[in-house]
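The values are calculated or read from the model by the stated rules, or taken from the named source; none is laboratory data. This one's a predicted model, so the numbers in the text were calculated from it and none came from an experiment. Cβ sites come from the backbone with ideal geometry, for glycine too, and all protein chains shown count toward neighbours.
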Amino acid sequence: MILLTPDLRFALRANAINHRAAQRDGKPEPDPVPVLKLFNPLGPATWLATELDEDDDTLFGLADLGFGCPELGYFSLSEIASVRLPFGLGIERDIGFETPHPLSIWADIARRTGSILSAQQELRSAGANELPPPNPDGAG
């Protein structure tokens, strides 16, 4: 499976460029929506990405390896793509993934619930007006 289509690559790079420009200009950092969801089809590991660095490998987003503590940070596309699972499987892209919620909402709910998958269930069941604002100190 192709983990990064040209359209996804473009959206991820655009978010990274906007983020760098905001930092350079002393403006508030953007809070983009995740545009890429990768997952382990045999386990709980899930990644939501909002940015792709110019090296075309380093993604930024929310990573959840299934230990109950999702974290914001950087992760390597090539490392994720190199994972080999039983039955000849590998990490997959959720081709139907779309969200209106920015990364800060995902991170806040995933930290509180213990996983991206639990956050996804909560976001699906809650109306947009029922969602709490992100915690400003980043604590879950």
remark   = Note on the range 32-51: residues out of contact with any Phe, Trp or Tyr (no Cβ under 8 Å at 6 or more places or on another chain) and surrounded by 14 or more Cβ atoms within 10 Å (Cβ to Cβ) are Pro32, Val33, Val35, Asn40, Pro44
request  = Take the range 1-22 and flag every residue that is in a loop (DSSP other than H, G, I, E, B), loosely packed, with under 13 Cβ neighbours inside 10 Å and either modelled with pLDDT of 95 or more or under 18 Å from the mean Cα position of the chain (by Cα) (or both).
outcome  = Ile2, Thr5
Number of positions in the range 86-113 that are buried (at least 17 other Cβ atoms within 10 Å of the Cβ), among the small types (Gly, Ala, Ser) and over 14 Å from the mean Cα position of the chain (by Cα) = 0
inquiry  = Looking at the range 86-99, I want the residues that are without any contact (Cβ under 8 Å) to a residue 60 or more places away in the chain and under 12 Å from Asn40 (Cα atoms) and have a partner that is among the aliphatic types (A, V, I, L, M) and in a loop (DSSP other than H, G, I, E, B) with Cβ atoms under 8 Å, at least 6 apart or on another chain. Which pairs are those?
reply    = Pro86/Leu42; Leu89/Leu42
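Considering only residues of the range 54-85 that are touching a residue at least 24 places away in the same chain (Cβ under 8 Å) and of a type in the set (Gly, Ala, Ser), which is nearest to Glu29 (Cα to Cα)?
My answer is Gly61.
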query = Of the residues in the range 35-91, how many are under 26 Å from Arg112 (Cβ atoms), in contact with a strand residue (DSSP E or B) (Cβ under 9 Å, 6 or more places away or on another chain) and not β-branched (Val, Ile, Thr)?
reply = 26
request  = Give the residue, chosen from Asp57, Asp25, that is of a type in the set (Asp, Glu), surrounded by fewer than 17 Cβ atoms within 10 Å (Cβ to Cβ) and over 16 Å from the mean Cα position of the chain (by Cα).
outcome  = Asp25
